Amino acid sequence: MTNGLTRSQQALVHEARMARERAYAPYSGFKVGAAVRTASGKTYRGANVENVSYGLSMCAERVAIFNAVAAGDPAIVEIAVVTDADPPSPPCGACRQVLFEFGRDAGVVLGNLDGEAIATNIHELFPHPFQRD
Ligand code: THU
């Protein structure tokens, strides 16, 4: 259900769903799409990209975040993640730490192909980040 999501959250979920179609996941078969919206209002997409040397694989969330950062637009306001999981799958721990770096107050929307969606945020998902200061 996308009931309860704002228009911009729904739009970001749609972007993540489109991004998922570009996933390269022949080893796990688990395709993930992500999209981030930055303070500038732009959106950047990412999909998971696997490798035959499994440990080299990269999550969709980090691809999307790194796309924004590499475009010179690093202030992340919100991220949407879409999988085929029920319930919708949250970002892994590594992606939470990376999201925290660029989105200290980021909203997080978890969606799936059935149209279910859960709105949460980085504070709820990652309450005790590693910080040096
Ligand atoms: N994966 C993501 O893209 N995001 C996550 O947060 C967790 C896992 C990917 C990595 C791998 O390609 C596949 O999902 C199965 O673990």
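The values are calculated or read from the model by the stated rules, or taken from the named source; none is laboratory data. Bear in mind that the values here come from a model prediction, so they are computed numbers and not experimental data. Ligands, DNA and RNA are stripped out before the accessible areas are found, and what is left, the full protein with its side chains, is counted by its heavy atoms. Shrake-Rupley method; radii C 1.70, N 1.55, O 1.52, S 1.80 Å.
Which of rounded, prolate, oblate describes the stretch 53-95, given a ≥ b ≥ c as roots of the alpha-carbon gyration tensor eigenvalues and a/c under 1.5 marking rounded, otherwise prolate only if a/b is larger than b/c?
Because a/c hits 1.5 or more and a/b fails to exceed b/c, the stretch 53-95 counts as oblate.
Suppose we keep just the DSSP beta bridges with both residues in the chain; what percent of those would be antiparallel, to 5?
Looking only at bridges with both residues in the chain, the antiparallel portion is about 70 percent.
Roughly speaking, to the nearest percent, how much of the chain's 1.4 Å accessible area is carbon and sulfur?
The nonpolar share, carbon plus sulfur, comes to 52 percent.
Normalise the Cα radius of gyration of the stretch 56-133 by 2.2 N^0.38 Å (N = residues in it) and let me know the number.
In units of the globular-protein estimate, the stretch 56-133 measures up at 1.08.
Leaving out ligands and nucleic acids, note down the accessible area per residue over the stretch 47-87 with a 1.4 angstrom probe, in whole Å².
On a per-residue basis, the stretch 47-87 sits at 46 Å².
In whole Å, what is the distance between the alpha-carbon centres of the stretch 84-100 and the stretch 52-73?
After rounding, the separation between the Cα centres reads 13 Å.
Any idea what Rg and Dmax come out to for the chain if you just take the C-alpha atoms, in Å?
Taking only Cα atoms of the chain, I get Rg and Dmax of 13.7, 42 Å.
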